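The values are calculated or read from the model by the stated rules, or taken from the named source; none is laboratory data. In this text the structure is predicted, and so the values were computed from the model without any measurement. Here Cβ is always computed from backbone atoms with ideal geometry, including for glycine, and neighbour counts include all displayed protein chains.
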Number of protein chains: 2
Amino acid sequence: MTPKIDRFLAEQQPATPCLVVDVDRVAERYHALQDALPLAHIYYAVKANPARAILERLVTLGSCFDAASIGEIRMCVAAGASADRISFGNTVKKVSAIREARELGVDLYAFDSMEELEKIAAHAPGARVYCRLAVENQGADWPLSRKFGTTIEHGRVLMLRARELGMDPYGLSFHVGSQQTDTAAYEAAIARVAMLHTDLARAGIEIRMVNLGGGFPVRYTSDVPEIDAFGMAISQAMTRHFGNDLPLMLVEPGRFLVGDAGVVSTEVVLVSRRGGKQSDPRWVYLDIGRFSGLAETEGEAIRYDFRTPRDGDACGPTIMAGPSCDGVDIMYEKRRVGLPVTLESGDRIEILSTGAYVSTYCSTGFNGFPPLTEYYI
Amino acid sequence: MTPKIDRFLAEQQPATPCLVVDVDRVAERYHALQDALPLAHIYYAVKANPARAILERLVTLGSCFDAASIGEIRMCVAAGASADRISFGNTVKKVSAIREARELGVDLYAFDSMEELEKIAAHAPGARVYCRLAVENQGADWPLSRKFGTTIEHGRVLMLRARELGMDPYGLSFHVGSQQTDTAAYEAAIARVAMLHTDLARAGIEIRMVNLGGGFPVRYTSDVPEIDAFGMAISQAMTRHFGNDLPLMLVEPGRFLVGDAGVVSTEVVLVSRRGGKQSDPRWVYLDIGRFSGLAETEGEAIRYDFRTPRDGDACGPTIMAGPSCDGVDIMYEKRRVGLPVTLESGDRIEILSTGAYVSTYCSTGFNGFPPLTEYYI
């Protein structure tokens, strides 16, 4: 919660549910990451929050962009980003999307399989490509390791094939998982990349870029290491494995740049103990739920922090659910949330650090609830 | 897949992903349910698919409507439904929503807690209310039992309190869970409702309505009982427990009316074995995923059936995933899907029985992918 958001909510009292993002905070975080990793090029993971105001601010700061789809590439271009600052980072791309990206001038493409490489070679001939390796995602609250990335052995085959196909075998990438709280995860991943780098050098392919992915965490309900700790761990590991002849480093922060720049304002719709007894669990139903923005509460993975008008009163364990008729629209049940026992319907509460992976994740009209209103200030 | 949808897809070749719904099929299913339960009033669960074309057709058929939100109530009214045919079936309602519903003329409200009852009494004084009881959801692929419903004991307290508050304690309801494939679930639930009916009669409250909820299944990959089997089980259980003086029966079908009226047309974006070995699992990535409409594949709960242009070729086990960069955007992995081994990117495949809980469940722009295009024919 930044002072600007606090003031906006107090003065405007916007209808709930809504998301308020302080774009100045995004700039602060951008500079903090730059300071922590001065040699790295920052590619903002647009999927975290593709709002025009955020993209435009990042363009003025000199950021590059990691796009998951042709839709995101178009948004970046519309916000003023030049195509040579955009990476098409999804390893799963439609042929039509590759073609359009190429026409727009995008020259950097991720892949992790032979079929994808051949698609890129056919529709963006000669482009720079980088191969995504699977690495451990331990320590991440939102792991990504099953769906993406190949082995070191097959990565070697793929990069050799890229050269044969007339592509520029430019780099290697990995992702340690989102909301990664362990700096050692990066160190282990860099060691793997370095092994393949050495293998490829022997085969005459000089890797010029290492894409370290994103995953840098923000504070929700638990403290996380400072960004400087990640910067230090990464820099040391890169030097240890690559020596003084460092490849270009890319990072793809999403959550880190926008997560704590946003706050959701929501209303308590109902507080009930449905069995009628004080010993029954207390349910608090909000006017936002898993299908209206809080998608990352699936499996209770991301644990948001709450601010209520009754903070300071005695607290009790609470099950938190969304407003829909859907039985899976429950945010926190296994690990209950401590909230004031005085809370009642009509109370307005804030969900902190909701700037990332909330706005575009809400449904178009699940149970008749419209998408979240957004304010960028 | 109806012949009309088949023809539409062949002739129009609409861009993927898209949903095509045969509205005539909705009417067929409406009549089948009416035949199976001739005494029941049908309240369509709008959340299953709130498309204007569906609502309008159901209005002409004489259907009533079960709404989850004020947004859905507005849609029903806009489609020509009169307010006395609308039930506000969500037990969790904003005060502002109750007020607006009341102003529109809605006179039937669900509740399952004291706080909600008091809200309804304050903002829709004198309205008909019905109390939702928690019942077993065994046999349902998409259970709803944790989040809603109260006990028989507390239901009694609540209904007595409703009378004290000047409300009309009109009925009782339950929900056996969505995609319920066991007719016995309804029989057990009716027995519970009948117990409370008897208790309340002794206290001078005559229940005039029993809302049997929805849950009637459609065929995905496994056969399900015919609707007549559910009609028979329900009718017999009602007669057994209520004798000849039957209360009015309401049913709230959603999936049953629209599920198999819709087909999603999607494109294979990538087929890959990321380790490069034939022994590696085969992944098929589609241009639709969990966040672009297939929300009910969460936990692999609803198992859709696929039709491919290569049906008849040898099949192999396949992991199916969506097009986004999100690691949880995987539809089927634990129980793999048998699909032709010849499948490749660019192939166009159909996902059958996707008329329910798909269209409005897709995100506004997850990973830059726009919402599903919809066609009602």
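Here is a check on your reading of the model: is A:PHE230 within 25 Å of A:ILE351 (Cα to Cα) and part of a helix (DSSP H, G or I)? Criteria not met by A:PHE230. Taken together, B:ALA68, B:ALA15, B:ALA27, B:ALA10 contain a single residue that is over 17 Å from B:TYR357 (Cβ atoms), of a type outside the set (Val, Ile, Thr) and without any contact (Cβ under 8 Å) to a residue 24 or more places away in the chain, which is B:ALA10.
A single entry from A:VAL129, A:VAL135 fulfils the requirement of being in a loop (DSSP other than H, G, I, E, B) and crowded, with 19+ Cβ neighbours inside 10 Å: A:VAL135.
A:THR151 meets all of the listed conditions (1) modelled with pLDDT under 95; (2) within 11 Å of chain B (Cβ to nearest Cβ); (3) surrounded by 20 or more Cβ atoms within 10 Å (Cβ to Cβ) but one, namely (3). Could you tell me which residue of the range B:238-284 is surrounded by the most Cβ atoms within 10 Å (Cβ to Cβ), considering only residues that are touching a Gly at 6+ places or on another chain (Cβ under 6 Å) and within 30 Å of B:GLU187 (Cβ to Cβ)? The extreme case among them is B:VAL258. Being in the same structural domain as B:TYR361 (by TED's automatic domain parsing) and touching a helix residue (DSSP H, G or I) at 6+ places or on another chain (Cβ under 9 Å) holds for only one residue in B:ASP287, B:ASP311, B:ASP305, B:ASP280, and it is B:ASP280. In the range A:313-371, of all residues being farther than 29 Å from A:ALA51 by Cβ and among the charged types (D, E, K, R), the one that is farthest from the other protein chains (Cβ to nearest Cβ) corresponds to A:ASP313. Screening the range A:237-292 for strands (runs of 3 or more DSSP E) wholly inside it with 3 or more residues that are of a type in the set (Lys, Arg) and touching a residue at least 12 places away in the same chain (Cβ under 8 Å) returns no ranges. Scanning the range A:244-265 for residues that are under 30 Å from A:THR16 (Cα atoms), in contact with a strand residue (DSSP E or B) (Cβ under 7 Å, 6 or more places away or on another chain), away from chain B (no Cβ under 11 Å) and not hydrophobic (A, V, I, L, M, F, W, C) gives A:PRO253, A:ARG255, A:GLY262, A:SER265. Taking the residues in the range B:297-312 that are more than 11 Å from chain A (Cβ to nearest Cβ) and among the acidic types (Asp, Glu) as candidates, determine which candidate is surrounded by the fewest Cβ atoms within 10 Å (Cβ to Cβ). My answer is B:ASP311.
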